[in-house]
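To keep things clear, I will list the structure first and then write my remarks on it.
The values are calculated or read from the model by the stated rules, or taken from the named source; none is laboratory data. Not measured: the values here are computed from a predicted model. Here the Cβ positions follow ideal geometry from the backbone for every residue, glycine too, while neighbour counts run over all protein chains shown. When the accessible area is computed, the model is the full protein with side chains, heavy atoms only, and any ligands, DNA or RNA have been set aside. Shrake-Rupley method; radii C 1.70, N 1.55, O 1.52, S 1.80 Å.
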There are 4 protein chains.
Amino acid sequence: MENPDYIYPATIAFADTDASGWMHFPTIFRHIEAAEHACLKQRGVLVFDRAEGGWPRVNLNTDFRKPLLAGDVIEVQLRIAKLGASSMIWEFEVINAVGEVAISGSMTNVRVDATGKTQAISEQERKALS
Amino acid sequence: MENPDYIYPATIAFADTDASGWMHFPTIFRHIEAAEHACLKQRGVLVFDRAEGGWPRVNLNTDFRKPLLAGDVIEVQLRIAKLGASSMIWEFEVINAVGEVAISGSMTNVRVDATGKTQAISEQERKALS
Amino acid sequence: MENPDYIYPATIAFADTDASGWMHFPTIFRHIEAAEHACLKQRGVLVFDRAEGGWPRVNLNTDFRKPLLAGDVIEVQLRIAKLGASSMIWEFEVINAVGEVAISGSMTNVRVDATGKTQAISEQERKALS
Amino acid sequence: MENPDYIYPATIAFADTDASGWMHFPTIFRHIEAAEHACLKQRGVLVFDRAEGGWPRVNLNTDFRKPLLAGDVIEVQLRIAKLGASSMIWEFEVINAVGEVAISGSMTNVRVDATGKTQAISEQERKALS
């Protein structure tokens, strides 16, 4: 990914695997979400708060290109691809230890208040995310 | 979904939630995969075997439309949308207790042998899946 | 287990396994907790509520006696072994498809209010749990 | 813990929480297992291998003393408390960001071969673990 907004190093845990011997596919989202949250924190943007709401996903699109194993050192690369009125699109790539794109995709998150109702991204948030 | 190939009832567990109070988004794939495996078993098609291989995902595309809570009774509806030479596309809908489509999407799986190498879907498998 | 207070049938999912090929040990607690919650609901006792609190665990003691595989049909048997002033002890057994005790143990839960502070089990709760 | 054999830093992920707002209790075992595996690797001892076997748990005993939240920085401290003929006992403490013991306990693991049969801990393993 050219010019990622955030790079998050992680390791595939034994708990991330399944009986196939490889990583169980949904467990990668733990690492991608951890990267997303670290990026938001770094920019001073709310991750989640019971009183203030958060950013639930409305779409997730993922390509699984290379299998991963327990112990594999990965790098999650993130880019904020689009900021809408109340939504944002993250693009992500998971890079394996030999520099290949093992997994790539995007997710669309919507800013909601504490009740789950969509709300506009504030000017402060927009500035921090741009 | 019209004419689903399989209907799998399930319940969102407390273990499926996160601190937002709602279902943690990747945990739905546990239920979708359980539905997929039940459908394969019913048709006598291999789910996974160390000697025979399996069906890893190469693409996953999901829309999250309605939030789910612990205790929610759901129904996973599946349809085999396409059978390729070595891949298949599943479409899925997760129906909530009041009959709404809470989550929908598709996943593309590829038939691989025990070493992870792509192989053709056999005639027997094709017949069972059609 | 003689005279269980609740019997909960479940199936080990592929998502419950790890690269060893067998069930990943902590995933059994999902099924044990689901059994516990079903038992509480049946008796009309609070499971968890942001305003009312819940029953966090303070001790967990588990023996793993037989391995489990994806697809294994199990039965979680529960017994309320002790009711204290603000705590309760659950005993559990996980029975495999051939009737053996695959996993057994106990967990001690404490009744807390919404802020996490220990509170006395109410007379109504005590009656429902006895 | 005095004289731990291994110290493993980690962070509680949002994926580790449940609707109570706090960490979902079984998710701590992911971090404890990651610490255990890192300790084994450092000493050159097998973690798991399909041909060589591994170290499944036969007992787990855990006290949950302080709640943990998403984002909490923790330290898993491990000590090898006992080496038997074919089993070993790990003691663990999870230290929270203010230095308190949030969680403590022990687990007993048994050395098995690829078929799951108990085997003696080798002299090489014993030396590496002592």
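Quick notes on this structure:
- Taken together, the residues in the stretch A:1-15 that are facing chain C (nearest Cβ under 9 Å) and in contact with a Gly (Cβ under 9 Å, 6 or more places away or on another chain) amount to 1.
- Apart from one condition, D:Ile103 fits all of (1) under 24 Å from C:Met107 (Cα atoms); (2) among the hydrophobic types (A, V, I, L, M, F, W, C); (3) free of Cβ contacts under 8 Å to residues at least 60 places away in the same chain; the exception is (3).
- Residue match in the stretch A:21-34 (condition: more than 23 Å from D:Ala35 (Cα to Cα) and out of contact with any helix residue (DSSP H, G or I) (no Cβ under 6 Å at 6 or more places or on another chain)): no
- Restricted to strands (runs of 3 or more DSSP E) entirely inside the stretch D:45-108, those with at least 2 residues that are over 11 Å from the mean Cα position of the chain (by Cα) and polar (S, T, N, Q) are D:57-64.
- Residue within the stretch C:91-99 that is touching a helix residue (DSSP H, G or I) at 6+ places or on another chain (Cβ under 7 Å), crowded, with 21+ Cβ neighbours inside 10 Å and away from every other protein chain (no Cβ under 12 Å) present: yes
- Scanning the stretch C:109-130 for residues that are of a type outside the set (Gly, Ala, Ser) and part of a helix (DSSP H, G or I), we see that the one that is least open to solvent (accessible area, probe 1.4 Å) is C:Leu129.
- Qualifying residue in the stretch D:16-27 (condition: within 14 Å of chain B (Cβ to nearest Cβ), more than 21 Å from C:Ser106 (Cα to Cα) and among the polar types (S, T, N, Q)): yes
- Any hit, the stretch D:67-80, residues being open to solvent by 40 Å² or more (accessible area, probe 1.4 Å), of a type in the set (A, V, I, L, M), more than 24 Å from C:Gly116 (Cα to Cα) and at the interface with another protein chain (Cβ under 8 Å from one of its Cβ atoms): no
- Checking B:Asn59 against (1) surrounded by 19 or more Cβ atoms within 10 Å (Cβ to Cβ); (2) closer than 17 Å to B:Val112 by Cα, the condition it does not meet: (1)
- Members of the stretch D:77-100 found to be among the β-branched types (Val, Ile, Thr) and more than 15 Å from D:Thr11 (Cα to Cα), listed by number: D:Ile80, D:Ile89
- The number of residues in the stretch A:56-88 being closer than 21 Å to B:Thr27 by Cα and of a type outside the set (Phe, Trp, Tyr) comes to 13.
- Just one of the numbered conditions (1) open to solvent by less than 10 Å² (accessible area, probe 1.4 Å); (2) over 27 Å from C:Ser104 (Cβ atoms); (3) assigned to a strand (DSSP E or B) is not true of D:Pro9: (1).
- Residue count, the stretch C:12-23 (criterion: buried (at least 22 other Cβ atoms within 10 Å of the Cβ) and hydrophobic (A, V, I, L, M, F, W, C)): 4
- Taken over the stretch D:32-56, the residue count meeting the criterion of being in contact (Cβ under 8 Å) with a residue 40 or more places away in the chain, surrounded by fewer than 18 Cβ atoms within 10 Å (Cβ to Cβ) and more than 10 Å from chain C (Cβ to nearest Cβ) is 5.
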